[in-house]
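Okay, so here's the structure we're looking at.
The values are calculated or read from the model by the stated rules, or taken from the named source; none is laboratory data. What you are looking at is a predicted structure, and each value in this text was computed from that prediction instead of being measured. Backbone-built Cβ (ideal geometry, glycine too); neighbour counts: all protein chains shown.
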Amino acid sequence: MTKDELIEKYRYVNVEYEDWWDWVYEGFVEDMGKKGIHVDSIDFDGFYHQGSYAAFTGRVNNAPLFMKSFGLAENFPSVYEVAEQDGFHAKREGAGRWRHSTYDFELDHWMYLMPSIDDQEMMQYYIDLKQEGVDNEINKFEREFTDVFNEIDEDLYVLLRDAYEDLISDEVVWETIVANEWDKEAA
């Protein structure tokens, strides 16, 4: 057999075992942890067919870090203020092939951000005004939150695809062939 024929024969040897992606998963989980996200699970189906995807389920476990890491702190100051004071609860479940995700998102305790006002009417007016602004900001933030998680999915897919392509490349396959002394089959 020629070198090229050996490479073709063993093209998928590095990706035949199910755990070839473990190092990608580990790096992804570590990277997300540095950005305030705890990853519960990862799922993917790739790479060169309709319906290829990568997705993860997880939760934001450090809201201020999450917001800073993804550039959300500046655009959503009220949400960020709550995140710094009390955090918020955000969890993504059900990510998968068709990317139907549900987001459990709770932002509580914004009331203590109000200044102390003795006049009850003025306090109620201020609360109503603040509530309307906070509600609008929260609605926008929830949409942005969803977009951030979907972008992370896309980045994860690229990481996995690139790792796969590297493992089936001529150079890496040949290194595996030589390491296992299968090159002795070459004529």
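Kindly indicate whether any position in the stretch 56-70 is surrounded by 13 or more Cβ atoms within 10 Å (Cβ to Cβ) and within 30 Å of Glu171 (Cα to Cα). No - not one qualifying residue is present in the stretch 56-70.
Can you name the condition, by its number, that Asp170 falls short on among (1) at pLDDT 65 or above; (2) closer than 30 Å to Val82 by Cβ? Only one criterion in (1) at pLDDT 65 or above; (2) closer than 30 Å to Val82 by Cβ is unmet by Asp170, namely (2). Being assigned to a helix (DSSP H, G or I), surrounded by 14 or more Cβ atoms within 10 Å (Cβ to Cβ) and β-branched (Val, Ile, Thr) is the filter here; which residues of the stretch 150-187 pass it? Selection gives Ile152, Val172, Val173, Thr176, Ile177.
If you scan the stretch 73-91, which residues turn out to be more than 15 Å from the chain's Cα centre (by Cα) and surrounded by 17 or more Cβ atoms within 10 Å (Cβ to Cβ)?
Going through the stretch 73-91, the residues more than 15 Å from the chain's Cα centre (by Cα) turn out to be 73-89.
Answer for the stretch 73-91, where residues must be more than 15 Å from the chain's Cα centre (by Cα) and surrounded by 17 or more Cβ atoms within 10 Å (Cβ to Cβ): Ala73, Phe76, Ser78, Val79, Tyr80, Val82, Ala83, Gly87, Phe88.
Checking each residue in the stretch 3-38 for being surrounded by 15 or more Cβ atoms within 10 Å (Cβ to Cβ), closer than 18 Å to Asn61 by Cα and in contact (Cβ under 8 Å) with a residue 24 or more places away in the chain picks out Phe28, Met32, Lys35, Gly36, Ile37.
Counting only residues that are modelled with pLDDT of 65 or more and either surrounded by 15 or more Cβ atoms within 10 Å (Cβ to Cβ) or part of a loop (DSSP other than H, G, I, E, B) (or both), how many does the stretch 120-141 have? Total satisfying the criteria: 4.
Limited to the stretch 51-75, what total is found for residues that are closer than 14 Å to Lys91 by Cα and part of a loop (DSSP other than H, G, I, E, B)?
Pass one, the stretch 51-75, residues closer than 14 Å to Lys91 by Cα: 55-63, 66.
After this cut, where a residue has to be part of a loop (DSSP other than H, G, I, E, B) as well, the list is 61-62.
Looking only at that region, the number is 2.
Against the numbered list (1) modelled with pLDDT under 85; (2) in a strand (DSSP E or B), Glu81 comes up short only at (2).
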